[in-house]
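Each remark here refers to the structure printed beneath this line.
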Amino acid sequence: SYFRAELQTEVHDALVAQRSAVLPDGDKYILYTVKNEHAVRHEVQVGIENTHEIELIAKDLRPGEPVVVDGNYELSDGMAIATGKKS
């Protein structure tokens, strides 16, 4: 017979993003958000992760900020970007 068990060892509030939003940069990780149609670079620490999502630890990130998940490897801080949103 087989069984499945899930153990919850810790509960805390966290910022979570798609894995593709987080890029390795040497011995650290970076993530880009969008502000006023420009890329904003953030150094982040990563926490718990699975195949789709990753926990972000950074003092300068806020819930609800738009995060770049496609084409982020081509960005630099302050670069103008198109968000794909139609006004």
Inset, instruction - Can you tell me the FRET efficiency between L7 and H38 if r is taken as the Cβ-Cβ distance and R0 is 41 Å, rounded to the nearest 0.05? - result: 0.45
Legend entry - the chain: relative contact order in percent, alpha carbon pairs under 8 Å with at least 6 residues between: 31 percent
Inset, instruction - Pick out, in residue order, every one of the chymotrypsin sites (Phe, Trp or Tyr not before Pro) in region 1-86 that is DSSP loop and has at most 15 other C-beta atoms within 10 Å; say none if there are none. - result: Y2, F3
Inset, instruction - Run the accessible area of the chain with a 1.4 Å probe and give the carbon-and-sulfur part as a rounded percent. - result: 49 percent
Legend entry - Sites excluded, GluC sites (Glu not before Pro) in DSSP loops with at most 11 other C-beta within 10 Å, longest stretch of the chain: 38-87
Legend entry - Residue-normalised accessible area of the chain, expressed per residue, 1.4 Å probe, Å²: 82 Å²
Legend entry - Global geometry of the chain, whether rounded, prolate or oblate, following the gyration tensor of its Cα atoms and the 1.5 cut on a/c: prolate
Legend entry - Additional length obtainable on full extension of the chain from I48 to R19, 0.36 nm per residue less Cα span: 9.3 nm
Inset, instruction - Please get the size of the charge dipole for the chain, origin at its Cα centre, with Cβ charges of +1 on Lys and Arg and -1 on Asp and Glu, quoted in debye to the nearest 20. - result: 300 debye
Inset, instruction - With all protein chains present, calculate the accessible area of L15 using a 1.4 Å probe and round the result to the nearest 10 Å². - result: 50 Å²
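The values are calculated or read from the model by the stated rules, or taken from the named source; none is laboratory data. Quick caveat: nothing in here was measured; it's all calculated off a predicted structure. Backbone-built Cβ (ideal geometry, glycine too); neighbour counts: all protein chains shown. Heavy atoms of the whole protein, side chains included, go into the accessibility calculation; ligands, DNA and RNA do not. Shrake-Rupley method; radii C 1.70, N 1.55, O 1.52, S 1.80 Å.
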